[in-house]
Amino acid sequence: MFKDERNIINYIVMLCFLSNILVSGVELVIGEERIEPGILFIFEGAVKDHVMPMGFHLSENETNVHIEARANWDSTNIPPGTPPGGFVAYLHITAAIKNQKTGLQTFIDLVPHINLVDNFHYARNISLPGSIYDFYTVTFNIIQPTKIDLALHKDWLDKFGYDLMQPFSTTYKDIYFAEICKSTRK
């Protein structure tokens with residue numbers, strides 16, 4: 001075997017190994033947004049997964065995709081005392097997924113999840129309202145915690161007022177979920 005042939009074989013073996021790693025941890029980044037006072041949102045379509053408790057979540061075999069919203073404090077320009085990258089808790093996040101071909105739509109509440117990849121995040125298993133090969137418009141709506149969920153100290157009130165954040169909505173068009181829907185975690 002020639003040296004070049006060995007290099008080609010090693011390269012192919014490495015590509016196979018890396019593709020297995022990437023497929024097991026693949027996520028489709030739908031979009032990213034930063035809102036004041038320094039919250040970074042990353043919206044994703046992730047590989048469907050087994051999520052507990054079963055009575056509260058679609059089972060993996062009834063699911064096309066795991067819709068996620070990661071909400072973390074930015075690493076710069078954040079309120080004093082805030083841990084950079086820390087999870088922003090108690091938010092109320094919804095997602096509307098509309099099939100651009102048929103107009104069919106599904107609406108979901110994203111709830112807190114934890115895993116060993118993203119740690120705390122908001123998410124939900126969903127079945128798409130149509131074919132995995134269609135294009136979708138996805139709208140995320142975020143509102144701050146209620147006054148029952150989160151109390152604010154005087155120093156926060158003095159610097160930022162009575163709100164953690166202002167309500168926020170963002171829409172992304174032409175989202176193609178087929179590759180993520182065909183991926184598995186196994």
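The values are calculated or read from the model by the stated rules, or taken from the named source; none is laboratory data. Keep in mind it's a predicted model, so treat the numbers as computed, not measured. When we count neighbours, we look across all protein chains shown, and the Cβ atoms used for this are built from the backbone with ideal geometry, even at glycine. Surface areas here come from the heavy atoms of the whole protein model, side chains and all, with no ligands, DNA or RNA. Shrake-Rupley method; radii C 1.70, N 1.55, O 1.52, S 1.80 Å.
Please list, ordered by first then second residue, the pairs with beta carbon atoms under 6 Å, 6 or more apart or interchain, first in the range 25-37 and over 20 Å from Y176 (Cα atoms), second part of a strand (DSSP E or B).
R34/L40; I35/F168
Taking the conditions exactly as written (loosely packed, with under 14 Cβ neighbours inside 10 Å and closer than 30 Å to D155 by Cα), does G85 satisfy them or not?
Values: loosely packed, with under 14 Cβ neighbours inside 10 Å: yes; closer than 30 Å to D155 by Cα: yes.
Judged against the criteria, G85 is a match.
Would you say K101 is of a type outside the set (A, V, I, L, M) and within 14 Å of the chain's Cα centre (by Cα)?
Values: of a type outside the set (A, V, I, L, M): yes; within 14 Å of the chain's Cα centre (by Cα): no.
So K101 does not fit the description; no.
Any residue that is modelled with pLDDT under 95, within 16 Å of the chain's Cα centre (by Cα) and either closer than 30 Å to P167 by Cβ or open to solvent by 90 Å² or more (accessible area, probe 1.4 Å) (or both) - is there at least one of those in the range 21-31?
The answer is yes, given that some residue of the range 21-31 is modelled with pLDDT under 95, within 16 Å of the chain's Cα centre (by Cα) and either closer than 30 Å to P167 by Cβ or open to solvent by 90 Å² or more (accessible area, probe 1.4 Å) (or both).
Which members of the range 44-82 meet the condition of being closer than 30 Å to K154 by Cα and either at pLDDT below 95 or in a loop (DSSP other than H, G, I, E, B) (or both)?
So the first thing to find is which residues in the range 44-82 are closer than 30 Å to K154 by Cα, and the list is 69-82.
Those that are closer than 30 Å to K154 by Cα and either at pLDDT below 95 or in a loop (DSSP other than H, G, I, E, B) (or both): D74, S75, T76, N77, I78, P79, P80, G81, T82.
How about the range 132-168: which of its residues are β-branched (V, I, T) and either under 16 Å from F41 (Cα atoms) or open to solvent by 80 Å² or more (accessible area, probe 1.4 Å) (or both)? Give the derivation first.
Start the filter on the range 132-168 by keeping residues that are β-branched (V, I, T), which leaves 132, 137-139, 142-143, 146, 148.
Hits for the range 132-168 are V138, T139, I142, I143, I148.
Return the residues of the range 55-82 that are open to solvent by 60 Å² or more (accessible area, probe 1.4 Å) and among the small types (G, A, S); say none if nothing qualifies.
Answer for the range 55-82, where residues must be open to solvent by 60 Å² or more (accessible area, probe 1.4 Å) and among the small types (G, A, S): G55, S75, G81.
Considering only the range 119-186, give the strands (runs of 3 or more DSSP E) lying wholly within it that have at least 1 residues that are under 16 Å from E62 (Cα atoms).
Details: elements: 119-126, 135-143, 168-176.
Here the list reads 119-126.
Name every residue in the range 90-114 that is in contact with a strand residue (DSSP E or B) (Cβ under 8 Å, 6 or more places away or on another chain), within 23 Å of P145 (Cα to Cα), touching a residue at least 12 places away in the same chain (Cβ under 8 Å) and open to solvent by 40 Å² or more (accessible area, probe 1.4 Å), in order of residue number.
Once the filter is applied, which keeps residues that are in contact with a strand residue (DSSP E or B) (Cβ under 8 Å, 6 or more places away or on another chain), within 23 Å of P145 (Cα to Cα), touching a residue at least 12 places away in the same chain (Cβ under 8 Å) and open to solvent by 40 Å² or more (accessible area, probe 1.4 Å), the range 90-114 yields H92, F107, D109, P112.
Can you name every residue in the range 119-131 that is surrounded by 17 or more Cβ atoms within 10 Å (Cβ to Cβ) and in contact (Cβ under 8 Å) with a residue 60 or more places away in the chain? Even if it seems obvious, please write down each step before you answer.
Here is the first cut: in the range 119-131, the ones surrounded by 17 or more Cβ atoms within 10 Å (Cβ to Cβ) are 121-126, 128-130.
Hits for the range 119-131 are A123, R124, N125, I126, L128.
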